[in-house]
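Below is one structure, written out as structure tokens; the observations come after it.
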Amino acid sequence: MEGIRIVATGSALPEKILTNDEMSRIVETTDEWIQTRTGIRSRHVCEKESCVSLAVEAAGKAIKSSGINPDEIGAVIVATSTPDYAFPSVACLVQKELGLSEELMAFDLSAACTGFLYALGVGRGLLHSLAKPYVLLIGCEQLSAIIDYTDRGSCILFGDGAGAVIIASSDRRFYQKSWARGNAEYLNCVGIGRGTAKISMKGNDVFRFAVNAMKQGIDEVLSDTGLSMDDIDWCICHQANQRIISNVQKQFPGQEEKFFLNIENLGNTSAASIPLVLDELNRTGRLQKGMKLLCVGFGAGLTWSGALVEL
Ligand SMILES: CC(C)(COP(=O)(O)OP(=O)(O)OC[C@H]1O[C@@H](n2cnc3c(N)ncnc32)[C@H](O)[C@@H]1OP(=O)(O)O)[C@@H](O)C(=O)NCCC(=O)NCCS
């Protein structure tokens, strides 16, 4: 498949940090339980911020660091499950707040935690048909707005944040495979006008699905591209639970350090998790031309996806 180039990245996190100890004052839990079962110590939650303000901040940083002419952005795609409004989309409000040209397509995409990888596939496809050379992809979530803070089995997992990536076409290698299997039992949040919109989750079922989805995403991308984990520089997994990632790591002994982890201080930020990792790697000089990234994610839907991105 024709490739993409990561032109720039950006991210934004709410100021407020909610620690496990603070969480233990909201529900019956402990720092030790949360760390052992999930690897999470704290997460950021919106007080003054919103999904839109986080998206605007992350995208603004990406545009600034890219040095591109923002008028050359042909599409803004926002992966989110927690938009400020059902409509207008977060993407349209990003266009407004950043003063982007009206000559673009702006829309939100709903695929829960797999949202950013689905957006990557859609954005890559659009690059070949748009008149402009850049697509702005954003993954952003204000999950704290839909967390059920009486459910200790789920409220401890999630955090808020946003990551943005500007992509352009390239002749480098790109491959993606995605899946969907309708299921509202394991993980859901009802839509607007249909009751109280809060996350409802069967943790054990999601855990089992996640382990298999991650394995399938990695195995099939590697086998379809004829690569092995030896060829991969970074394996960027959706940060849902450290134990899910550890489970995958075990299948690749000696290569554990390729699996980047930042869940400890962010929690599961759903569609924002993969672009937040990309931005952290980029800002710290750990993404270099020629590197091969294997990105894999899963989430409600059920949805899952794996992608090979050669930088
Ligand atoms: C949610 C999750 C951490 C729960 O961990 P677990 O090891 O499966 O725990 P269980 O649900 O089996 O619960 C074990 C016990 O801990 C209790 N428990 C649940 N949450 C707790 C908490 N926050 N603090 C203390 N105890 C808790 C349960 O009530 C249960 O007690 P019991 O044995 O007396 O009934 C885990 O299932 C998970 O991460 N699943 C995937 C979720 C996910 O990734 N969702 C997003 C997908 S994108």
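Collect the residues in the range 87-108 that are within 20 Å of the chain's Cα centre (by Cα) and either within 16 Å of the ligand (Cβ to nearest atom) or touching a residue at least 40 places away in the same chain (Cβ under 8 Å) (or both), keeping them in residue-number order.
Within the range 87-108, VAL90, ALA91, LEU93, VAL94 meet the criteria.
For the range 201-216, what are the residues that are within 13 Å of the ligand (Cβ to nearest atom) and assigned to a helix (DSSP H, G or I)?
Answer for the range 201-216, where residues must be within 13 Å of the ligand (Cβ to nearest atom) and assigned to a helix (DSSP H, G or I): GLY203, ASN204, ASP205, VAL206, PHE207, ARG208, PHE209, ALA210, VAL211, ASN212, ALA213, MET214.
Give the residues of the range 224-261 that are among the charged types (D, E, K, R) and either within 16 Å of the ligand (Cβ to nearest atom) or closer than 22 Å to GLY159 by Cα (or both), sorted by residue number.
ARG243
Could you check, for the range 255-263, whether at least one of its residues is at pLDDT 95 or above, in contact with a Gly (Cβ under 7 Å, 6 or more places away or on another chain) and part of a helix (DSSP H, G or I)?
Checked the range 255-263: at least one residue is at pLDDT 95 or above, in contact with a Gly (Cβ under 7 Å, 6 or more places away or on another chain) and part of a helix (DSSP H, G or I).
Return a yes/no flag: does the range 175-186 have any residue that is within 16 Å of the ligand (Cβ to nearest atom) and part of a helix (DSSP H, G or I).
no
Just the residues that are within 16 Å of the ligand (Cβ to nearest atom), in a loop (DSSP other than H, G, I, E, B) and at negative phi, please, taken from the range 1-59.
Across the range 1-59, the qualifying residues are SER24, ARG25, ILE26, VAL27, GLU28, THR29, THR30, ILE40, ARG41.
Every residue in the range 118-165 that is without any contact (Cβ under 8 Å) to a residue 60 or more places away in the chain and within 28 Å of SER24 (Cβ to Cβ), please.
Within the range 118-165, ILE147, ASP148, GLY153, SER154 qualify.
Any residue that is among the hydroxyl-bearing types (Ser, Thr, Tyr) and in contact with a Gly (Cβ under 9 Å, 6 or more places away or on another chain) - is there at least one of those in the range 165-174?
Yes, that holds for at least one residue.
Taking the range 11-23, which residues are under 17 Å from SER50 (Cβ atoms) and surrounded by 15 or more Cβ atoms within 10 Å (Cβ to Cβ)?
Correct list: SER11, ALA12, LEU13, PRO14, LYS16, LEU18.
Which members of the range 120-163 meet the condition of being under 14 Å from the mean Cα position of the chain (by Cα), crowded, with 23+ Cβ neighbours inside 10 Å, more than 16 Å from the ligand (Cβ to nearest atom) and assigned to a helix (DSSP H, G or I)?
LEU120
Going by what's in this entry, would SER110 be described as out of contact with any helix residue (DSSP H, G or I) (no Cβ under 8 Å at 6 or more places or on another chain), among the small types (Gly, Ala, Ser) and within 24 Å of GLU15 (Cβ to Cβ)?
no
Looking at this structure, is VAL76 under 14 Å from ASP160 (Cα atoms), among the hydrophobic types (A, V, I, L, M, F, W, C), touching a helix residue (DSSP H, G or I) at 6+ places or on another chain (Cβ under 8 Å) and more than 16 Å from the ligand (Cβ to nearest atom)?
no
For the structure I just gave you, tell me whether LYS198 is part of a loop (DSSP other than H, G, I, E, B) and surrounded by 12 or more Cβ atoms within 10 Å (Cβ to Cβ).
For LYS198, the condition - part of a loop (DSSP other than H, G, I, E, B) and surrounded by 12 or more Cβ atoms within 10 Å (Cβ to Cβ) - is met.
Just to check your reading of the model, which residue among ASN265, ASN241, ASN282 is within 18 Å of the chain's Cα centre (by Cα), in contact (Cβ under 8 Å) with a residue 24 or more places away in the chain and exposed (fewer than 15 other Cβ atoms within 10 Å of the Cβ)?
Only one candidate passes the filter, namely ASN265.
Evaluate the following for VAL296: is it of a type outside the set (Lys, Arg) and more than 13 Å from the chain's Cα centre (by Cα)?
No.
Mind checking which residues of the range 277-311 are β-branched (Val, Ile, Thr) and within 16 Å of the ligand (Cβ to nearest atom)?
Listed by number, the residues that qualify are VAL277, VAL296, THR303.
The values are calculated or read from the model by the stated rules, or taken from the named source; none is laboratory data. Remember, predicted model here, so these are calculated numbers, not experimental data. Don't worry about glycine lacking a Cβ; one is built from the backbone with ideal geometry, like all the others, and counts go over all protein chains shown.
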